[in-house]
1. At 15 angstrom or more along the helix axis (alpha-carbon based) and mean Kyte-Doolittle of 1.6 or higher, what helices does the chain contain? Whole DSSP H runs only.
2. Taking Rh as the Kirkwood radius, which is the inverse of the mean 1/r over Cα pairs, what is the Rg/Rh value for the chain?
3. Just to be sure I follow the definition: excluding the sites themselves, where is the longest run in the chain that has none of the trypsin sites (Lys or Arg not before Pro) in a DSSP loop with at most 12 other Cβ atoms within 10 Å?
4. Among the lysines, which have Cα under 25 Å from the Cα of Lys42 when same-chain residues fewer than 8 positions away are ignored?
5. Only helical DSSP H runs with n ≥ 4 go in: add -39500 (n - 2.57) per run for the chain, normalise by residue count and round the 222 nm mean residue ellipticity to 500 deg cm²/dmol.
Amino acid sequence: MEIINTIVLGILGGPEIILIVLAILILFGGKKIPELMKGLGKGIKEFKNVTSDSEIGKEINDIKKEINSVTDNIKNSTKL
């Protein structure tokens, strides 16, 4: 997720983000934005649940655990 944030924030600067927010405000109006954000949040939550329940999600979690274990081992060996 950090990589995605870095990429998006690297491409979009302050003026671009303000322009996008203004365009959304003009197109949908102030009353519709909370509903849109709620729907977006539900969609993201559902996507995370689906990917974490899938085989690929389980494999990714196993790889993360292994990487963290190796990282801890390296940190411990350098402290000695």
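1. Helices passing the filter in the chain: 14-28.
2. 1.19
3. In the chain, the maximal stretch lacking such sites is 33-80.
4. Here the lysines satisfying the reach criterion relative to Lys42 are Lys31, Lys32, Lys58.
5. -30000 deg cm²/dmol
Just so you know, all these numbers are worked out from the coordinates, no wet-lab data involved. In this text, all values refer to a predicted model and were calculated from it rather than measured experimentally. Positions of Cβ are generated from backbone atoms using ideal geometry, with glycine treated the same way; all protein chains shown enter the neighbour counts.
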